[in-house]
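Notes for the one structure printed next.
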Amino acid sequence: MSSLELVPLRGADHGAVLREALRVRDDGGVPLVGDERWSDAHWESVVAQVRAGLERMPDTAGHNAAVAWASFTSGSTAAPKVVLRSAASWEVAFEPLSRLLGVAAGDTLLIPVHPVSSMALFAAAHAHHSGLEIAVPGRHRVRAEDLVGPAVVHCTPLQLGDIVELLEAGSMGLDTESTTWRSTLRAALVGGARLAPELRARAERCGLSVVSYYGAAELSLVAVDQGSGLRAWPGVELEDRDGVLWVRSQQCALVRVTPDGAVPIADAQGWASVGDRVRWSDDGALVPQGRSDGAMLTAGATVVPEDVEAVLEQHPDVDAALVYGEDDAVLGQRVCARIQWRGGVRAEVLRDIRAFAREHLTPAQRPRRWQLVDALPRTASGKVLRVRTEGTGEIDGGVDA
């Protein structure tokens, strides 16, 4: 039986949530941060399932004593997946990361990522360990005033795009009758999705030093890009096994917890994989190619199509659902859904299904394009045929969310 003190946290004041998570950690507890937009019943179910998994986790490897952080791997689903890691697995990267970003004790780190994300928890832990102050945006989206004070931001490409637009619009010196906004940002650490070269160039023209990285909740920092492509983070070993990336690193998490128990992240030799397909550029840079299991990375969140389909198919008018990702210059991938429906007026059916999705799916999981179809393609055994879609041609007639 687990002796871990799991402390559930969530709230609309994201700064308060992150600071409370740090306090819980300092007191020896393990914070589990949820999304305040989830219903109370859903959150209670998630916490209960995680605790049930922990109760079934044997401490044969001494994991319980080492666990410091818990984070979701793909938001909250019917079967939540939580990664448990030690404090040391993150701390090993903090000092070299601060040097790379040019920040020191007393500087302020802006964290616009929602606290439910492991990226936000990593950022908060980095700040706490390094003597940095924490700042969060005053609203859901970054505004000009949020750029006054922080020296560095840890964000997704989507959020960097908002920041760049503000800077390009004059937020480095936007005069009003009472206030002059002057951005203090010097650097941006960007993860969660591929950073487009055009956006990097725009950010650099605004005076930002940009460092992007590839990583995962289970693996933390894997590779870093300072402008010449992704290269392995110091101390990280990379191995290509038939096009799938395997990683060996001190930053690897301990276990992945489900309601059925816990599964070690790494194998006996210390190698771990989240199933990302990769290739290598001619000059040796790592080029991620997406998940081999079909999972999507959208605005910094990992979304598993089968999890979304399982929820949508609970709607009484849905016979079957097919969820897939489309390439998106801003989001990385856009979640799309094809719905095989049971009849009725199309507009009413789609409206009801979308309302159902808003109630039962996390923001990242909700499809942004929808299509109602009379029948989805099937395999010989009757299963919905999962096809890889490219571009937008296959959802002509779809409805934007």
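The values are calculated or read from the model by the stated rules, or taken from the named source; none is laboratory data. Note that this is a predicted model, so its numbers are computed, not measured. Cβ: placed from backbone, ideal geometry, glycine included. Neighbour counts: every protein chain shown.
Could you tell me which numbered condition Ala127 fails, if it satisfies all but one of (1) closer than 21 Å to Leu4 by Cα; (2) not in a loop (DSSP other than H, G, I, E, B)?
Unmet for Ala127, out of (1) closer than 21 Å to Leu4 by Cα; (2) not in a loop (DSSP other than H, G, I, E, B): (1).
Determine whether Gly215 is buried (at least 16 other Cβ atoms within 10 Å of the Cβ) and modelled with pLDDT of 90 or more. Walk me through how you get there before you give the answer.
Details: buried (at least 16 other Cβ atoms within 10 Å of the Cβ): yes; modelled with pLDDT of 90 or more: yes.
Yes; evaluated as a whole, the condition is true for this residue.
Scanning for something modelled with pLDDT of 85 or more, out of contact with any strand residue (DSSP E or B) (no Cβ under 9 Å at 6 or more places or on another chain), aliphatic (A, V, I, L, M) and under 27 Å from Phe94 (Cα atoms), does region 276-289 turn up at least one residue?
no
For region 151-169, which residues satisfy the criterion of being surrounded by fewer than 24 Cβ atoms within 10 Å (Cβ to Cβ) and assigned to a loop (DSSP other than H, G, I, E, B)?
Hits for region 151-169 are Ala151, Ala169.
Show me the strands (runs of 3 or more DSSP E) found entirely inside region 1-112 where at least 2 residues are over 20 Å from Gly191 (Cα atoms) and modelled with pLDDT of 95 or more. First the steps, then the outcome.
Details: elements: 6-9, 30-33, 67-72, 82-86, 108-110.
By residue number, 6-9, 30-33.
Pairs needed: first member in region 347-374, not assigned by TED's automatic domain parsing to the domain that holds Val330; second member anywhere, among the aliphatic types (A, V, I, L, M) and surrounded by 14 or more Cβ atoms within 10 Å (Cβ to Cβ); C-beta distance under 9 Å; at least 6 residues apart or different chains.
none
Just checking, which of Arg248, Arg256, Arg277 is among the basic types (Lys, Arg), buried (at least 16 other Cβ atoms within 10 Å of the Cβ) and either under 21 Å from Thr156 (Cα atoms) or in contact with a Cys (Cβ under 8 Å, 6 or more places away or on another chain) (or both)?
Arg277
Sort out which residues of region 132-150 are under 16 Å from Ala120 (Cα atoms), small (Gly, Ala, Ser) and part of a loop (DSSP other than H, G, I, E, B), and write them in order of number.
Gly138
Does Glu133 qualify as being assigned by TED's automatic domain parsing to the domain that holds Gly29, touching a strand residue (DSSP E or B) at 6+ places or on another chain (Cβ under 6 Å) and either modelled with pLDDT of 95 or more or not hydroxyl-bearing (Ser, Thr, Tyr) (or both)?
On the way: assigned by TED's automatic domain parsing to the domain that holds Gly29: yes; touching a strand residue (DSSP E or B) at 6+ places or on another chain (Cβ under 6 Å): yes; either modelled with pLDDT of 95 or more or not hydroxyl-bearing (Ser, Thr, Tyr) (or both): yes.
Judged against the criteria, Glu133 is a match.
Can you tell me which residue is surrounded by the most Cβ atoms within 10 Å (Cβ to Cβ) among those in region 1-32 that are among the hydrophobic types (A, V, I, L, M, F, W, C) and farther than 18 Å from Arg85 by Cβ?
Here is the first cut: in region 1-32, the ones among the hydrophobic types (A, V, I, L, M, F, W, C) are 1, 4, 6-7, 9, 12, 16-18, 21-22, 24, 30, 32.
Keeping just the survivors that are farther than 18 Å from Arg85 by Cβ gives 1, 12, 16-17.
Working: Met1: 10, Ala12: 8, Ala16: 13, Val17: 24.
Per the criteria, the residue is Val17.
Could you tell me whether region 102-110 includes any residue that is of a type outside the set (Val, Ile, Thr) and in contact with an Asp or Glu (Cβ under 6 Å, 6 or more places away or on another chain)? I'd like the intermediate steps shown before the answer.
Within region 102-110, the subset of a type outside the set (Val, Ile, Thr) is 102, 104-107, 109-110.
Filter once more, keeping what is in contact with an Asp or Glu (Cβ under 6 Å, 6 or more places away or on another chain): none.
No; the residues of region 102-110 include none that is of a type outside the set (Val, Ile, Thr) and in contact with an Asp or Glu (Cβ under 6 Å, 6 or more places away or on another chain).
Restricting the first residue to region 118-133 and requiring it to be among the charged types (D, E, K, R), which pairs with a second residue that is surrounded by fewer than 20 Cβ atoms within 10 Å (Cβ to Cβ) and at pLDDT 95 or above meet a Cβ separation below 8 Å and a spacing of at least six or different chains?
Glu133/Gly106; Glu133/Thr108
Can you tell me which residue in region 173-184 is surrounded by the most Cβ atoms within 10 Å (Cβ to Cβ), limited to those that are touching a Ser or Thr at 6+ places or on another chain (Cβ under 9 Å) and modelled with pLDDT of 55 or more? Steps first, answer last, please.
The initial filter retains those residues of region 173-184 that are touching a Ser or Thr at 6+ places or on another chain (Cβ under 9 Å), namely 173-174, 181-184.
From what's left, modelled with pLDDT of 55 or more: 181-184.
Details: Trp181: 18, Arg182: 13, Ser183: 23, Thr184: 14.
Among those that are touching a Ser or Thr at 6+ places or on another chain (Cβ under 9 Å) and modelled with pLDDT of 55 or more, it is Ser183.
Here's a check for you: in region 324-351, which residue that is more than 17 Å from Arg368 (Cα to Cα) and part of a loop (DSSP other than H, G, I, E, B) is nearest to the chain's Cα centre (by Cα)?
Arg342
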